[in-house]
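Just so you know, all these numbers are worked out from the coordinates, no wet-lab data involved. Just so it is clear, the model here is predicted, and its values are computed rather than measured. All Cβ positions, even for glycine, are placed from backbone atoms using ideal geometry, and neighbour counts span all protein chains on display.
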Amino acid sequence: MTIILGGPTEWYCPNCDSKAYTVAGSTKSPFHPCGKLGAIMSPLVRVGEKAKVEAVERQDYVGSELVQTDVDGRPVMSVVVTRDEGQDCAVFPGVAKAERE
């Protein structure tokens, strides 16, 4: 019996020129700090797939929460990948902080 393993998967960023390769069997999309999206950690897309990757700015009041920001200090809520067959979303939730007395 012969087992044939698939080759590596090639990934790219539609916004910048970042590229990556993953080993056969890996199904997770690699992330990278995208320079075109303010260095926000953004997913890469499989080579051959058309997709749009965009950062979504927070629309709510931040207050004293600890939130993800881009290099310009704008709070980012999520990164959305839009493909012909749907969307994927990586969410950056705000984190509350508390002090102990």
What shape does segment 44-92 take by its C-alpha gyration tensor, where a ≥ b ≥ c are the square roots of the eigenvalues and a/c under 1.5 counts as rounded, a/b above b/c as prolate, and the rest as oblate?
-> prolate
Give the relative contact order (percent, whole number) for the chain; include only Cα pairs under 8 Å separated by 6+ residues.
-> 20 percent
Total lysine pairs under 20 Å (Cα atoms) in the chain, excluding pairs fewer than 8 apart on one chain = 8
So what are the ³J(HN,Hα) numbers for segment 7-24, from phi and the Karplus equation (6.51, -1.76, 1.60; θ = phi - 60°), rounded to whole Hz, Gly and Pro as x?
-> x, x, 9, 9, 10, 8, 10, x, 9, 10, 9, 6, 9, 8, 10, 10, 6, 4
Hz values of 3J(HN,Hα) by residue in segment 38-54 - Karplus curve (6.51, -1.76, 1.60), Gly and Pro given as x | x, 6, 6, 5, 10, x, 8, 10, 4, 4, x, 8, 8, 7, 10, 10, 9
Longest exposed-loop-site-free stretch of the chain, with trypsin sites (Lys or Arg not before Pro), DSSP loop and at most 15 other Cβ within 10 Å?
-> 51-96
Taking amide hydrogens as modeled 1.01 Å from N in the peptide plane, which residues meet the under 5 Å criterion relative to R58, leaving out close sequence neighbours?
-> V76, M77
Would you mind telling me which residue in P14, P33, P43 has the biggest mean-square fluctuation in a Gaussian network model of the chain, where springs connect alpha carbons within a distance under 10 angstrom?
-> P33
Per-residue ³J(HN,Hα) for segment 90-100, Karplus 6.51 cos²θ - 1.76 cosθ + 1.60, θ = phi - 60°, Hz, x for Gly and Pro | 10, 9, 10, x, x, 10, 7, 10, 9, 10, 9
